[in-house]
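Worksheet: the structure to be examined is printed underneath.
No value in this document is a laboratory result; all are computed from the given coordinates. Just so you know, these numbers come straight off a predicted model, no measurement behind them. All Cβ positions, glycine included, derive from the backbone under ideal geometry; neighbour counts span all protein chains shown.
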Amino acid sequence: IWSFYLSDNLAECVDPKLRGKFPKRDALRVLNIGLVCAQASDELRPPMSKVVKMLTDGNCAIPPPPHPAPFDL
């Protein structure tokens with residue numbers, strides 16, 4: 001997923017069976033939140049209260065995910 005993120009092609013990670021029939025903005029939002037949450041160090045991960053807010057409040061800003069550790073690639 002990181003390679004898609006870095007090349008600005010995160011939408012390519014969505015299940016191809018959907019054939020592009022999904023709200024792209026929402027899919028990108030969820031994928032970005034997942035990247036923010038998938039850090040090796042718990043210190044870099046947001047608290048669950050923040051994750052819930054990011055998932056439920058479309059106006060809540062999602063911070064850019066920190067670059068992954070080498071073993072996360």
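Within the stretch 32-56, residues that are under 17 Å from Leu10 (Cβ atoms) and without any contact (Cβ under 8 Å) to a residue 24 or more places away in the chain have Cβ atoms under 6 Å from residues that are among the acidic types (Asp, Glu) and surrounded by 15 or more Cβ atoms within 10 Å (Cβ to Cβ) in no pair, counting only partners at least 6 apart in sequence or on another chain. Of all residues in the stretch 19-54, none satisfies the criterion of being surrounded by 14 or more Cβ atoms within 10 Å (Cβ to Cβ) and hydroxyl-bearing (Ser, Thr, Tyr).
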